[in-house]
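Each remark here refers to the structure printed beneath this line.
The values are calculated or read from the model by the stated rules, or taken from the named source; none is laboratory data. Because the structure is a prediction, the values reported are computed rather than measured. Counting neighbours? That spans all protein chains shown, and the Cβs are built from the backbone with ideal geometry, glycine included.
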Amino acid sequence: DLDFDDEGEFIRTHENQNFVNADFTNTISIPGVIAQGNYRMRLRSRSTWNTGSPCGQYDYGTAQDYAINIGDPPTCYVPVTVTGVGVSSGVANLSWASQGLGSDPVGYEYFVTTSTTSPESGTAITGTSVPGYTGIIDNTWYYLHVRTNCGDGDYSQWAISPRFRYLAGDTCASAIDLATQTSPYSYSTVGAGNDFTSSCNTWGTAPDLYYSMVVPNGYTFVIGLSTGYDAVHTVFVGSCDDSDLIVCTDNDSDTTTWENTTGSTQTVYWVQDGYGTSTGTFTLTWTLTPPPTCDRPRALDVNLTSLTTTDASWDVPNTGTPVGYEYAVTTSATPPASGTYTTATSATGITVTPNVNSFLHVRTVCSEADGNSIWVSIPFFSGYCVPSNTTSTAYYITGVTSTGGETNFASTSTGFSAFTDNTATHSVSTYPGGSFSLQATTPTAADNFIYSVWIDWNNNFDFTDEGERVINTGYLITPATLGTITVPMTVVPGTYRMRIRNAHFGAPVPACGEQGSGEAEDYTLEVVPAPSCFPPYGATITTTDPGYANLSWSPPLIGGTPSGYEYVFSTSSTPPTGNGTPSASFFVGDVEYNPLQSVYLFVRSSCGGGDYSTWVTAQILGTESKDFLANSIVVYKEGSAINITSGNTLMKGVTIYDTRGRKLYSQADINNTEVALTGLQIQQQVVIVEVDTPRGKVSKRIVF
């Protein structure tokens, strides 16, 4: 029907985004309902950002049309999946399969040649494979031709395989065993195929060669490269079909060391590749070293239990059967002459010097004949790590404040310090399930900082455990609200260290180490037993008419429902010391206040029997707040006039707009708290009344 848009007419799409040449193959099965005749097939290439279309306009690519003639089914069907694979010098494996159509084949004929021109006849065979075929010459391309013999002189057409050859190392299956070679070994990639795509050179089309080495458990394989061309190499372990990457690099002078600690023999592969299209001569050098007679311990670890004690642990050696171990903790990186003996793989209560760089040393004790292993050492700091900033003194924290805790702190600083330990002087307290908020300031208002906050919930002198980074912000300007921290219900009452760190550049912010554009400060979090009476939350002041406000809050998030509440609404910012006004509800409406003064709401729960929660502070309704200004201005229509009152704020002027922004009316120099706009030539519609005051502009909508 002269198009390719009908269902089933789109056959297949392929994609190549690696900037290298690629071959795409696909088998097209003709549906049995297709009538005999001539059909058109279209192949089209395109840019990867275009959607496939048989007729659309592309900026790149080409289209080619071919004819497909569908005639009578053959009496003898050609074989499929015809394949030749070079497996060793002069040897290939040949295979194919029957289509399973028509009568069962009597047999097949095959022929291996360097030409794509099929022969008159071939070698007869009844099976579908020829393993160990020996008629090929190394580094020569061949084609396998196969046809089906259906008997009585009825043969199918010839089917031809993709080209194949054997070149040692040309494919993973033919990798050159370095155990059969002598180090150093020199060769060239010239003439090899491009059969491997490295993860660090996906766009390359250079030829490559495979090498392998069988590495028994406990052995160490070291391999290096020198080359006269721009090379890339990949090292992986496993098999050709299932492997783990060790390294991929275009550094020609890299040496790779791999110790087999898997418990079984492994095969390591080296793929010699070129950067881009580079090819040339290279030299490999390698060693395969057996494990020592007394193998070293593995996976050393320390866990500080206090500033003066630590626990230590390690894993058994990869090979051998140790008699025991010796361990020591020192302040020197040099291992001691001897240590404390144990048959266990851990030790507890080891004495350490507080707040210094320390080292755990462990070695294996083997039999008298095998002696001891080498010492294995790891460094650690016997206390909380000390963050550093050796780059810039311009970025730091000038203050941190906590709010919402049972007790709170406020710290200030006037100068740079890479790290400040405030744990002895500043603390915030709350209970399991309770929460508190943090705010921070920096020297310059225009500077953006990101912040992270950690709490060492398990008191193991680090901030690396899951859940210990409790705040991680985006970029904030000063004053910055960092967020609210809720203490998990499972946390045991006690003292915990909290670290706050900011950074002008770089994310994520690290708890330890160098960060060149910020400061770290430590504080104490005291988790106290939960109270018997929990406070309400979400206390809010909402102005209604001038001089009146609604007060509201919500019941506690945890614990039982209080029997009632007490509130204090006054001009004092200090929490009450006595009782407040009782309220059975969490809403009090139309409470009168003086708009000329800032007012504060304090609320607490009453749980009966004289048991009260702590006071919760509401938002401050300040005389300078934008909410206060907006709620103090009232606009209403009376007759044909618009009346405006502004409480105690003088109005400078009024402008009226329609909803499309066109100015309908304007009056200046009002200088009063009340005004009536009369004689307005405005049709009935929704208008926007903009009131200009010394403290800003407020807009109100009314129907006129």
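The residue of the range 143-174 that is surrounded by the fewest Cβ atoms within 10 Å (Cβ to Cβ), among those that are of a type in the set (A, V, I, L, M) and modelled with pLDDT of 95 or more, is Ile160. Criterion applied to Gly559, Gly506, Gly516, Gly483 was being more than 30 Å from Ala394 (Cα to Cα) and of a type in the set (Gly, Ala, Ser), and the one residue passing it is Gly559.
Residue count for the range 338-377 under the criterion of being within 37 Å of the chain's Cα centre (by Cα) and closer than 13 Å to Leu300 by Cα: the result is 10. Name the residue that is surrounded by the most Cβ atoms within 10 Å (Cβ to Cβ), counting only residues in the range 244-261 that are assigned to a loop (DSSP other than H, G, I, E, B) and modelled with pLDDT of 95 or more. Here the residue is Asn260. Set side by side, the residues Pro529, Pro508 differ, and just one is surrounded by fewer than 22 Cβ atoms within 10 Å (Cβ to Cβ), assigned to a loop (DSSP other than H, G, I, E, B) and under 27 Å from the mean Cα position of the chain (by Cα), which is Pro508. The residues on offer are Thr293, Thr283, Thr353, and the sole one that is in a loop (DSSP other than H, G, I, E, B), of a type in the set (Val, Ile, Thr) and surrounded by 14 or more Cβ atoms within 10 Å (Cβ to Cβ) is Thr353.
Among strands (runs of 3 or more DSSP E) entirely within the range 114-227, having at least 1 residues that are on the phi > 0 side of the Ramachandran plot singles out 129-133.
Within the range 178-225, the set of residues being surrounded by fewer than 16 Cβ atoms within 10 Å (Cβ to Cβ) and more than 39 Å from the chain's Cα centre (by Cα) comprises Ala179, Thr180, Gln181, Thr182, Ser183, Pro184, Tyr185, Ser186, Ser188, Val190, Gly191. Between Pro546, Pro556, the distinction of being more than 38 Å from the chain's Cα centre (by Cα), at pLDDT below 95 and outside any strand (DSSP E or B) belongs to Pro546 only. Screening Thr140 with (1) at pLDDT 95 or above; (2) loosely packed, with under 14 Cβ neighbours inside 10 Å gives one miss only, at (1). The sole residue among Tyr110, Tyr58 that is of a type outside the set (D, E, K, R), without any contact (Cβ under 8 Å) to a residue 60 or more places away in the chain and assigned to a strand (DSSP E or B) is Tyr110.
Taking first residues from the range 486-502 that are under 11 Å from Tyr431 (Cβ atoms) and partners that are of a type in the set (A, V, I, L, M, F, W, C) and at pLDDT 95 or above, the Cβ contacts under 6 Å between residues at least 6 apart in sequence or on separate chains come to Val487/Val527; Val491/Val527; Pro493/Val527; Pro493/Val528. When you go through (1) at negative phi; (2) free of Cβ contacts under 8 Å to residues at least 60 places away in the same chain one by one for Gly559, which number turns out not to apply? The one condition Gly559 does not meet is (1).
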